[in-house]
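The values are calculated or read from the model by the stated rules, or taken from the named source; none is laboratory data. Since we're looking at a predicted model, the values are computed, not measured. Cβ placement follows ideal geometry from the backbone for every residue including glycine, while neighbour counts extend to all protein chains displayed.
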Amino acid sequence: MGLVSGRAWLGIVATTSSFPRIPRSREGWGHANDDDEVVDDLVLRVALVVLAVAFTAWLALSALVVLGRLRYDRLYLDPSERRLSARRADRLVRRAAGHPRTEWGRWRRVSALQRLEQARHPSVQRLLRRVLHDPDPTIAAAAIRTLGHVGDEWAIELLVDALRRGDGSRSRVAAELERLAPTPGPRLMPLLRDANPTVRFWGATLLRPYPDLGDATLIELTWDADANVRAAAVETLGTRRGPTVATALSARLDDEEWFVRVHAARAVGHVVGADAAPSISRLLADQRWWVRTAAKDALRGMGTDAVPSLLSVLLHEDPFARNGAAEVLQDIGFVDFLAFDNPSSPLLERIYAAGGERFRDAALARLERIASQDTEEAQVA
C-alpha cells in the first residue's frame, strides 16, 4: 500500500512539473512589458483612425458650407437663377399657403416662402400678408425676415403694421426696420402716438437714426406715463441738440424710476455738457448703483470742467457721493496734478479722506511709479 502511494505521488509530481509555473516576485516582467507594447500600439492605431475620421468629416462639412454659400450667393446675385417654372412656382405657392402639422412641414413652408421671395414671384405679397398673422412663431418669424429681405414700400408698411398689432416678435420686427433705415423713417412717426405703450417704446427707439424727425413728440414722451417709454425717448433725444431738448432731458434727472435717471444722466452729459455738472453731481448720492455709475461716466466726459462741482461733493454727508467724487477727480487727472503741484495741500488731503484708505494707498503708489519712471528717463537722457 505504501509502495503504491509513493508511485502515485511521483506520478503527480512528474505531471505537474510539465505545466508552466506561476511567476513570482520579479519573474514575468518581460511579459508585462510585452503587454504594454501591445496596448500602446492599439491606442496609437485607434487614435490614427479617429483622427482620420475627424479630418474627413471636417473636410466634408467645410465643403458643404462653401457650396451652400455659393448657392445662396447665386440665388441672390444672379437673376437667372431666381426664375421658377410655372409648375414649380404653383407647387411652392401651395406649400407656402398650407398649414403643416409637423416640424418638417413647417420647414418646407418656410423654405417655399423664401424661394418665392428670391424669385420675386407676384404671389409673395399676398402670401406674406397671410403668413404674417400665423399663430406659429416660427412661420411668423420667417415672414418677418422675408419682409426685411424684400425691403419695398409695401414690405415696410407690413412691418410697421406688424409692430403695431403685435404680429410675431416685436423685437424681430424692430430689428428689420432698423436694418432698413433710413427708408422707414416717416412711417415710424405714428407709432409715437399709439395707445399701446409698447408700440410707443419701439417708435421712440427706432427714431434714433433720424435726427430730423419727431423732436417735439419725443419731448412729450419724456413725460409719458410708462417708464419704458420715457427711457426710450430720453435715450433717443440724447443724440439731438437744442435748448428744448436739454430742458426735457434735465427734468428726467429726477425721474421716479432709476433706469430713466440712468439714461437721463448720460444723455444730459452728452447734450448739455459741463453746464449740467452741478445737476448730475447730485446723482452721486443716488441709492441705485447704476445711477451713480452713469453720473460718474457723464462727469468724466466733462473733464476738468466738472472739478468745481465735484469738489463741492467732497463734503457731502453720503459716503458714496464723496467716494464717487474722489474717484472721478482721480480719473480726470486732478489728484495727480495736485499731488505733484502741492503735496501738502489740504484739498488733496480732503480728497484722500473722501476716497478712503485704499484710494489713498493706490494714489500714493501710482505717484511713486510716475516719479520712478521720470527718474529713469532723466538718467537715460
Original post:
For segment 156-170, does any single residue satisfy the condition of being part of a helix (DSSP H, G or I) and either over 27 Å from Trp202 (Cβ atoms) or small (Gly, Ala, Ser) (or both)?
Top reply: yes
Original post:
Has segment 189-202 got at least one residue that is in contact with a helix residue (DSSP H, G or I) (Cβ under 7 Å, 6 or more places away or on another chain) and closer than 27 Å to Gly301 by Cβ?
Top reply: yes
Original post:
Restricting segment 124-163 to residues that are charged (D, E, K, R) and within 18 Å of Thr183 (Cα to Cα), which is nearest to the chain's Cα centre (by Cα)?
Top reply: Arg145
**OP:** Please determine, by comparing only the residues of segment 137-152 that are assigned to a helix (DSSP H, G or I) and not aliphatic (A, V, I, L, M), which one is surrounded by the most Cβ atoms within 10 Å (Cβ to Cβ).
**Re:** Thr146
**OP:** Sort out which residues of segment 232-256 are surrounded by 15 or more Cβ atoms within 10 Å (Cβ to Cβ), out of contact with any Asp or Glu (no Cβ under 8 Å at 6 or more places or on another chain) and in a loop (DSSP other than H, G, I, E, B), and write them in order of number.
**Re:** Gly238, Thr239, Asp255
Subject >> Yes/no for Arg358 being surrounded by fewer than 13 Cβ atoms within 10 Å (Cβ to Cβ), within 35 Å of the chain's Cα centre (by Cα) and among the basic types (Lys, Arg) >> reply: yes
Subject >> Cβ-Cβ under 9 Å pairs, at least 6 apart or on other chains, segment 193-218 side farther than 24 Å from Ser169 by Cα, far side part of a loop (DSSP other than H, G, I, E, B) and polar (S, T, N, Q) >> reply: Pro211/Thr239
Original post:
Is it the case that some residue within segment 197-206 is among the charged types (D, E, K, R) and surrounded by 17 or more Cβ atoms within 10 Å (Cβ to Cβ)?
Top reply: yes
Original post:
If you check Leu284 against the conditions, is it touching a helix residue (DSSP H, G or I) at 6+ places or on another chain (Cβ under 7 Å), among the hydrophobic types (A, V, I, L, M, F, W, C) and under 22 Å from Thr247 (Cα atoms)?
Top reply: yes
Original post:
When the residues of segment 257-278 are filtered to those that are among the β-branched types (Val, Ile, Thr) and in a helix (DSSP H, G or I), which remaining residue is surrounded by the fewest Cβ atoms within 10 Å (Cβ to Cβ)?
Top reply: Val271
Original post:
Taking the condition out of contact with any strand residue (DSSP E or B) (no Cβ under 9 Å at 6 or more places or on another chain) and within 21 Å of Ala267 (Cβ to Cβ), does Ala195 pass?
Top reply: no
Original post:
Within segment 185-231, how many residues turn out to be β-branched (Val, Ile, Thr) and not in a helix (DSSP H, G or I)?
Top reply: 1
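Yes/no per residue for (1) of a type in the set (Asp, Glu); (2) modelled with pLDDT under 85; (3) over 30 Å from Gly185 (Cα atoms); (4) touching a Ser or Thr at 6+ places or on another chain (Cβ under 6 Å):
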residue	(1), (2), (3), (4)
Val38	no, yes, yes, no
Leu42	no, yes, yes, no
Arg74	no, yes, yes, no
Asp90	yes, yes, yes, no
Arg95	no, yes, yes, no
Trp107	no, yes, yes, no
Arg129	no, no, no, no
Ala142	no, no, no, no
Gly148	no, no, no, no
Original post:
Does Asp134 satisfy the criteria of being in a loop (DSSP other than H, G, I, E, B) and surrounded by 18 or more Cβ atoms within 10 Å (Cβ to Cβ)?
Top reply: yes
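Yes/no matrix, rows are residues, columns are (1) surrounded by 18 or more Cβ atoms within 10 Å (Cβ to Cβ); (2) closer than 23 Å to Ala231 by Cβ; (3) of a type in the set (Phe, Trp, Tyr):
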residue: Arg94; (1), (2), (3): no, no, no
residue: Ala112; (1), (2), (3): yes, no, no
residue: Arg130; (1), (2), (3): no, no, no
residue: Trp154; (1), (2), (3): no, no, yes
residue: Asp161; (1), (2), (3): no, no, no
residue: Gly166; (1), (2), (3): no, yes, no
